[in-house]
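Report on the structure given below.
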Amino acid sequence: MPVIPTFMLKKLYVTRSLMNTDDGFQASIRNTLAPGTIVGLGPVTVGDDVYDATAITVQMGDEERPAAEITPGAPLRFGMNSTAVLRIKAASLPTGTHRLSIVTMTREAGELRIEATDMIG
């Protein structure tokens, strides 16, 4: 499987997309590398808190799916320039800067770990 450099993976995170929602928080990733197929998503880590696929919902366009339902048998197509909004059902995040790690499994490149720093103002 091809190895994607960390600096390229970091560019997948949409800066300033981290925000609180009514039932937790959300962040976004945008595919700027190549068409791909997500076959698993999670965990998402924010600081020391880890959220597995059961706490994550993915929205792409009009489609919304629980991350736990994204599998090799039921993948999620992640086309070029597509944006995926990851909604995490959890407590809201406090104001300030947060380190994030988003793990996705892709058919084409295996596990991708997207690391980013973002803030809630």
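The values are calculated or read from the model by the stated rules, or taken from the named source; none is laboratory data. Small disclaimer: the values here were computed from a predicted structure and weren't measured. Heads up, the Cβs are rebuilt from the backbone with ideal geometry, glycines too, and the neighbour counts pull from every protein chain shown.
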message: If I filter the stretch 9-33 down to residues being out of contact with any Leu (no Cβ under 8 Å at 6 or more places or on another chain) and hydrophobic (A, V, I, L, M, F, W, C), which single residue comes out as surrounded by the fewest Cβ atoms within 10 Å (Cβ to Cβ)?
response: 19
query: Among the residues of the stretch 76-91, is any touching a helix residue (DSSP H, G or I) at 6+ places or on another chain (Cβ under 7 Å), part of a strand (DSSP E or B) and within 24 Å of residue 21 (Cα to Cα)?
result: yes
Breaking point among (1) assigned to a strand (DSSP E or B); (2) modelled with pLDDT under 95, for residue 33: (1)
- prompt: Here are 41, 93: which of them is within 15 Å of the chain's Cα centre (by Cα) and hydrophobic (A, V, I, L, M, F, W, C)?
  reply: 41
message: Given the criterion closer than 18 Å to residue 115 by Cβ and either in contact (Cβ under 8 Å) with a residue 40 or more places away in the chain or among the aliphatic types (A, V, I, L, M) (or both), identify the matching residue among 50, 39.
response: 50
query: Given the structure, is residue 73 more than 15 Å from the chain's Cα centre (by Cα) and on the phi > 0 side of the Ramachandran plot?
result: no
Filter pass, residue 116 being touching a Phe, Trp or Tyr at 6+ places or on another chain (Cβ under 6 Å), of a type in the set (A, V, I, L, M) and assigned to a strand (DSSP E or B): yes
